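Inspection log for the structure reproduced underneath, given as structure tokens.
No value in this document is a laboratory result; all are computed from the given coordinates. Keep in mind that this is a model prediction, so the values were computed, not measured. Cβ sites come from the backbone with ideal geometry, for glycine too, and all protein chains shown count toward neighbours.
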Amino acid sequence: MELVKILVAAFVATYVMTVFSRYVSERFQHIFKEPVVLGLVLSKLAHNKSLNHTSRWEQGVRYLAGLFVVLCYHYIWTHTDIDPTWFCGLIFGIITGLAAIFYWFFLFNYSTASKARFKDYYLPLIAAYVLFALTVIVIYRLFS
């Protein structure tokens, strides 16, 4: 049952994060969609291969990353005295968002896509990861 909980949490949280990013992109007329940005970076790193080809990769990488993050949360919750509370979700979301900024910073700097204004992307990324972590908390509570 633990595996099902982890998989559902990873899928739903990643999906919610994706919907949030799409909403913010449309609302502010700026690319905040992680799959799109990842596709831009991957196409540059892959020496301008077709974006059509990288779209499968970007979604796969995104959901695998979501699974990895949930596995990290789960490990912490099962091997420490930290419980999956709302406050914990907020803190984990902020920490994960900051780690994602670090990751994206290096990705943007080592691809030719770094000329875009990706600094505008960082604050919505933290918000998206806070939403991600809180969604994981909701799923974990549903399974309790």
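Scanning region 131-141 for residues that are closer than 21 Å to Arg22 by Cα and surrounded by fewer than 20 Cβ atoms within 10 Å (Cβ to Cβ) yields a count of 2. Contact map, region 61-84: residues that are among the hydroxyl-bearing types (Ser, Thr, Tyr) paired with residues that are not in a helix (DSSP H, G or I), Cβ distance under 8 Å, separation 6+ or inter-chain. Pairs shown: Tyr73/Pro84.
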